[in-house]
1. So what is the 222 nm mean residue ellipticity for the chain from helices alone, if each DSSP H run of at least 4 adds -39500 (n - 2.57) and you divide by all residues, rounding to the nearest 500 deg cm²/dmol?
2. If I build a Gaussian network model for the chain, linking alpha-carbon pairs within less than 10 angstrom, which residue out of 175, 17, 30 has the largest mean-square fluctuation?
3. Of 77, 237, 40, which is the most mobile in a GNM of the chain whose springs link Cα atoms less than 10 angstrom apart?
4. Using a Förster distance of 51 angstrom, determine the FRET efficiency expected from the C-beta separation of residue 218 and residue 256, and round it to 0.05.
5. Tell me, how many Å apart are the Cα centres for region 181-232 and for region 80-120?
6. With the chain treated as a Gaussian network of Cα nodes joined by springs under 10 Å, which of 69, 245, 188 yields the largest mean-square fluctuation?
7. Let me spell out the model: positive unit charges on the Cβ of Lys and Arg, negative unit charges on the Cβ of Asp and Glu, origin at the Cα centre of the chain. What dipole size does that give, in debye rounded to 20?
8. Using +1 at the Cβ of each Lys and Arg and -1 at the Cβ of each Asp and Glu in the chain, identify which of 4, 252, 61 lies farthest towards the dipole's positive end.
Amino acid sequence: MLRTMLTATNTMGELQNQLDTIGHNLANTNTHGYKARDSQFHELLYQQFNNEKLDRTQRQSPVGIRYGVGAKLGQIQYNQKQGALQSTGRDLDFAFNTAKQFFTVLLPEGDGTREAYTRQGNFYVSPMQNGNGMLVNGDGYPVADSNGNAITFPNANAVKNFGLTAEGGLTITYNDGTGLGQPIELAVTRFERPQFMEHLSATYFTLPDNLNELGVTEAELLTPLRGAGRQEVNVQQGVLEMSNVDVGRETTELIQTQRMYQMNARSVTLADQMLGLINGIR
């Protein structure tokens, strides 16, 4: 009975983690650029009891008895499938038409900044004290250019509109018809092995700190699209990428996970009742 209870409680804890993952996906259904999490279960170790000396019956199944100890949430991967595009008409709304390409934003860290990657492309202009403007995302973090610096430009109050070149360059037109000499290249990075990237929050990813322990290098995980690589940039203006969460699929998995949780909880209840009967007999 104790083995039954341990097996059921082990699985219940992992099922609760899966419920949390499904709930997180459903909560971010309307989050632009969000990538759904897919969880996979692995069986825990089995204990083998060989009783072939006592059981001489000819059977096709393996000899002996294998006792399992439950299941474990083995891996959570991010679904990199392209999300649907929502038209907004804003000059500073951008979305990728290709999977695994990300914008770069600069997050504060200590006395400096840390690069983070996101597909959330709703940008805004933050005025600076000297009259210049800084391009920031919806959370107020500076957007980086292809050199890794925060994007700033002069005369923020005189900007008429923003444009986008085919290679992901930001153009600015002022009220007097003039513009910047050269387009500002938005930093675009392609993930080579997304499963190794560290998840910071709903839409932010960054490089893991333990690259040496993982046995990979930064070049193996991502590729900044600069120079000739700008030909691969596929970004569109005036649209935003919606979350790629499949509500129907998540709801189905939610129901299945709840039923599995109830089944394991019922196993604990039955085992407890049987232990009560044994104590009563004594």
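FYI, it's all coordinate maths here, none of it is from the lab. Only a predicted model underlies this, so the values are computations on that prediction, with no experimental measurement involved. Please note: Cβ atoms are built from the backbone with ideal geometry, for glycine as well, and neighbour counts cover all protein chains shown.
1. -8000 deg cm²/dmol
2. 175
3. Taking springs between Cα atoms under 10 Å, the residue moving most is 40.
4. Efficiency, from the Cβ-Cβ distance: 0.85.
5. For region 181-232 versus region 80-120, the Cα centre distance is 12 Å.
6. 69
7. 1260 debye
8. Looking along the dipole axis, the top candidate is 61.
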